[in-house]
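No lab work stands behind these numbers, since they all come straight from the coordinates. Everything quoted here is computed from the prediction, not taken from an experiment. As a convention, Cβ positions derive from the backbone with ideal geometry for all residues, glycine included, and neighbour counts pool all protein chains shown.
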Amino acid sequence: MTVRPLADSYVTVCESPDPARIFCYSPGLALLPSGRLVATTDWGGPGVAELPGPKGEIPEGSGLWQGRIYSSDDRGATWAFRGYFPFMHARPFVVGDTVYILGHARDLIVIRSDDGCMTWSAPSRLTEGQYWHQSASNVHYANGCVYLVMERRVTNDIKGWYVGEMAPVLMRAPVTADLLRRESWTFASELSFRDALPGATTDPATDFLGVPFWRAPYPSGSLVAPGRNCAPIGWLETNVVQFVDSDHIWTDPTGRTFHLWMRAHTGGTGYACIAKVVEQGDVPGTGSMTTMLQTVPSGKTMLYVRADAVPRALRRGHAVVLAAEHPGDRQHDASRPVASGAFQPPQQ
């Protein structure tokens, strides 16, 4: 088999000065109306303590993290360093002529630039005393609002990799608001993986449909090989999407439904998790937001999707590997596509 390079020609935006001790994470990219590109990344590792500039202390990795900002005015051919930020898992996004960068140092933090990323505001906290997580995920614009997902750790029982205790939280703010202010944001209700499958913590017969392929009970997981612990199953690194194809079964013609597409942490590969958020206001972009699992025409609840189980001709529009909300339910026939049908408003 011939492996074709994804990018034969590329430009290095930034590079670790000490790859053994300083590691680059979570790249982000935004385009300003002027054509300027803004890139962000966060650096971690034991060498970060020796770097100049502000840092955030976060209980992940070595504990100290630092974000960096770059810009390009020639379509990415060259890049200039523009500043630091003291948090991680950040993403830049544009609202009008304003650039925001939102991430976390345990609590959610956001900064703002009104001059094309030449200068930046002081960091503003959107939460206090909480524990958040994310990765290099997307920002979505709809209904005169900006939408993005951050993940909050809602319990503190797992002593290792805590993805089973994280709730993907859809955040919404009007594009006309000052997004440095907490009151500008609406947070969706919280649903952790552990809460989505409550039997996982108490019932060893909970049907995970072969995911993972060994037991990983809460809160300790399981030792699957010497020195190799599989953390309890969970979800993370959430993106937000909206289905807009009028023929797709998950399209909401009212524009109030958003799907959360997540990496499934199972101890294996090839799986994602799906949930959805429904706005409760009469007008899209208003009201509280409720997080729930996705149902399918049979009435069962969808939790997992595996891309290689979908017939090739259907991969553009359908996902058909399903898991039930309740222990004892079994997998649907993955060889049969989900039938199209009218959108059914969720039960309130």
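Side notes on the structure shown:
- Sparse-neighbourhood loop sites, trypsin sites (Lys or Arg not before Pro) in the stretch 56-96 - DSSP loop, at most 16 other Cβ within 10 angstrom: ARG75
- A Förster distance of 30 Å, applied to the separation of the beta-carbon atoms of SER222 and GLU50, puts the FRET efficiency at 0.20.
- Overall form of the stretch 245-294 per C-alpha gyration tensor (a/c, 1.5; a/b vs b/c): oblate
- Applying both filters, DSSP loop and at most 15 other Cβ atoms within 10 Å, to the trypsin sites (Lys or Arg not before Pro) of the stretch 114-166 gives LYS159.
- SER288, SER137 arranged by Cβ crowding within 10 Å, fewest neighbours leading: SER288, SER137
- Ranked list, fewest to most other Cβ atoms within 10 Å of each Cβ, for CYS14, CYS145, CYS273: CYS14, CYS145, CYS273
- The modelled label-to-label distance for the pair ASP157/ASP73, using points 7 Å beyond Cα in the direction of Cβ, is 5.6 nm.
- Length added when fully stretched, PHE81-ASN229, from 0.36 nm per residue minus Cα-Cα: 49.3 nm
- Simple label model, 7 Å out from Cα along Cβ direction - SER16 to SER246, nm: 5.1 nm
- Summing +1 for each Lys or Arg and -1 for each Asp or Glu among the other residues whose beta-carbon sits under 15 angstrom from that of VAL154 gives -2.
- Taking label positions 7 Å along the Cα-Cβ direction at both GLN130 and ASP178, the computed distance is 2.1 nm, reported to one decimal.
- Surrounding net charge for ARG181, when Lys and Arg each add one and Asp and Glu each subtract one, Cβ distance under 13 Å: +1
- Over all other residues within a Cβ to Cβ distance under 15 Å of LEU223, the charged ones net out to +3, with Lys and Arg as +1 and Asp and Glu as -1.
- Least to most buried among MET1, MET166, MET292, MET118 (fewest other Cβ within 10 Å first): MET1, MET118, MET292, MET166
- Measuring nothing but how far apart in sequence close Cα pairs (under 8 Å, 6+ apart) lie, relative to its length, the stretch 49-205 scores a relative contact order of 13 percent.
- Cα gyration tensor shape of the stretch 1-74, rounded if a/c is under 1.5, else prolate or oblate by comparing a/b with b/c: oblate
- Estimated FRET transfer efficiency when R0 is 41 angstrom, pair THR290-THR2 (beta carbons, to 0.05): 0.25
- Cα gyration tensor, the stretch 16-127 - rounded (a/c under 1.5), prolate or oblate: oblate
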